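The values are calculated or read from the model by the stated rules, or taken from the named source; none is laboratory data. Predicted model only: the values in this text are computed from it and were never measured. Counting neighbours? That spans all protein chains shown, and the Cβs are built from the backbone with ideal geometry, glycine included. SASA here: full protein model, heavy atoms, side chains in, ligands and nucleic acids out. Shrake-Rupley method; radii C 1.70, N 1.55, O 1.52, S 1.80 Å.
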Amino acid sequence: MSIVYIKDIGQHEGKEVTLRGWVQNKRSSGKVQFVLIRDGSGVIQGVVFKGDVTPETFALADSLTQESSIVATGTVRKDERAPGGYEISLNDLKLVNKAIEYPISPKEHGVDFLMSHRHLWLRSSRQHAVLAIRAEIIRACRDFLDERGFILVDAPILTPAACEGTTTLFETDYFGDRAFLSQSGQLYMEAAAMAFGRVYCFGPTFRAEKSKTRRHLMEFWMIEPEMAFADLDEDMRVQEEFVSYVVQRVLDKREKELAVLERDTTRLKRVEPPFPRISYDEAVEILHRHGSEMKWGTDLGGGDETILAEQFEKPVFVHRYPSQCKAFYMKPDPDRPEVALCADLLAPEGYGEIIGGGQRIDDLALLEERLAEHSLPAEAYGWYLDLRRYGSVPHAGFGMGIERTVAWICGLDHVRETIPFARMLYRMYP
Ligand code: 4AD
Ligand code: MG
């Protein structure tokens, strides 16, 4: 008895194999039962003919319910009409667990119902495709950086200080002291870049964002490269190569999954360097021409990002935002100190900002000044200030949100399906 995965079934044509999986669907027509078997690697139709099996096995096949778990043995046959090109004629069937009535049927369900049943919803072919693409994106991110000499340095999750503003911190008790769940590993990557040159971290990050939008999660995953001796230009160059590499990898390796999602890949195929770059000032002009009433000095809203992205085929960089609407660590442009040497990368097709990054302040006095302006406690940032005391160099980096990137590449209008178990404003279950 050779146990195989459905994805490898083509190597066993004409042979007897055993599959272990779940019943995705079942129909019968008197003398024959059709059992759709799913094993996580693929789906295949099993056919049970009354004449081929014992009466007990036939009765068992007849009694199978959706999502019952089974061990099925049979002969692999080529069948042009079958979805994967093969089907299996079953001669033996064992029940592992008979599922009680499954709450998710092929009919339509509301999103709230599906999110409450996320632990089961993961079994659907669409969710399977999304999460397989997510895994491919993560692998591509890491391959790109590993191949280019970036060292993976893990950042802590429990931190004593804020990175991205004090309004979105999740606070917890640390043996009588205050600690926060990390909003970003960036500050630690700056320390690591001074030790290793080029580094990155990849991990969960947390934002207590009281906003209920299709782009915000309370817990999301971010990949954050940081480079010593790099400026904003170099930062954007690395980003456009990085993002293009990731998109092309998914197109190359996950064609089947993109097809399951019915993703139109025309525009994804055009994602290659260079990406257009516009300044924040130019962005404001474009927005005003399109009827937006946003004011110079404020951060871009989701609607603004969509208008801007619509003007371009590829992802677009918006650089040099006013310092007043960005984080404390952003280096001012020496030619125009009221704007920062930063850039956000906006995805096409209305998916919004997927990357935030830029050049960091490398001057001790200026950094101290900014901490005070942002009312951040200097004690908590003592170690961070040290980086400006001992061999400070120009450096830059960025953070790419995995979920927004998955939403864009998969063509999903909400980030809740891009992560296995989403943490949202009014949902922490399952
Ligand atoms: O622009 P952000 O806040 O930048 C930083 O955290 C920097 N410290 C990164 C760095 O330079 N190392 O976040 C970066 C990205 C965003 O562009 C977005 O993709 C994602 O993280 N992101 C979120 N994704 C989902 N839900 C949220 N609440 C997010 N907040 C940010
Ligand atoms: Mg941002």
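Only protein atoms count toward the accessible area here, which uses a 1.4 Å probe; on region 252-302, the carbon and sulfur part of that area reaches 47 percent. Report the residue, chosen from PHE328, PHE49, PHE144, that carries the largest GNM mean-square fluctuation when the chain is represented by alpha-carbon nodes joined by springs under 10 Å. Residue with maximal mean-square fluctuation among PHE328, PHE49, PHE144: PHE49. Largest GNM mean-square fluctuation across SER125, SER323, SER41, computed for the chain with C-alpha springs under 10 Å, falls on SER41. Of all lysines in the structure, the ones whose alpha carbon falls short of 26 Å from that of LYS331, not counting any fewer than 8 places away in one chain, are LYS295. Within the accessible area of region 150-227, the carbon and sulfur atoms contribute 56%, probe 1.4 Å, all protein chains present. Partner aspartates and glutamates whose Cα lies under 12 Å from the Cα of LYS314, excluding those fewer than 8 positions away in the same chain, are identified as GLU240, GLU272, GLU349. Look at the alpha carbon pairs under 8 Å that are at least 6 residues apart: their mean separation over the length of the chain gives a relative contact order of 13 percent. Shape analysis of region 287-351 yields a ratio of the Cα radius of gyration to the Kirkwood radius, Rg/Rh, of 0.99. Simple point charges give the picture: +1 on the Cβ of Lys and Arg, -1 on the Cβ of Asp and Glu, and for region 99-197 a dipole about the Cα centre of about 420 debye. For the pair region 259-312 and region 122-189, the centres of their Cα atoms are 25 angstrom apart. Angle, helix 280-289 long axis vs. longest principal axis of the chain, Cα atoms, 0 to 90°, nearest 10? With both axes taken from Cα atoms, the answer is about 70 degrees. The calculated 222 nm mean residue ellipticity attributable to helices in the chain amounts to -8500 deg cm²/dmol, summing -39500 (n - 2.57) over DSSP H runs of n ≥ 4 and dividing by all residues.
Residues in region 111-116 carry Karplus couplings, in order, of 4, 5, 4, 5, 5, 5 Hz; the curve used is 6.51 cos²θ - 1.76 cosθ + 1.60 with θ = phi - 60°, and Gly or Pro positions show x.
Per atom type, region 329-410 shows carbon and sulfur on 52% of its accessible surface, probed at 1.4 Å.
To the nearest ten degrees, helix 125-147 and the longest principal axis of the Cα atoms of the chain are 50 degrees apart. Seen against the Cα atoms of the chain and their longest principal axis, helix 186-196 is set at about 80 degrees. Rolling a 1.4 Å probe across the protein heavy atoms gives the chain an accessible surface of 47 Å² per residue. Sequentially through region 9-21, phi angles give Karplus couplings (6.51, -1.76, 1.60; θ = phi - 60°) of 4, x, 7, 10, 4, x, 9, 8, 9, 10, 10, 10, x Hz, Gly and Pro residues having no value and appearing as x.
Cross-link partners of LYS7 among lysines, defined as those whose alpha carbon lies under 30 angstrom from its own and excluding same-chain residues fewer than eight positions apart: LYS15, LYS26, LYS31, LYS50, LYS78, LYS94, LYS98, LYS107, LYS253, LYS256, LYS269.
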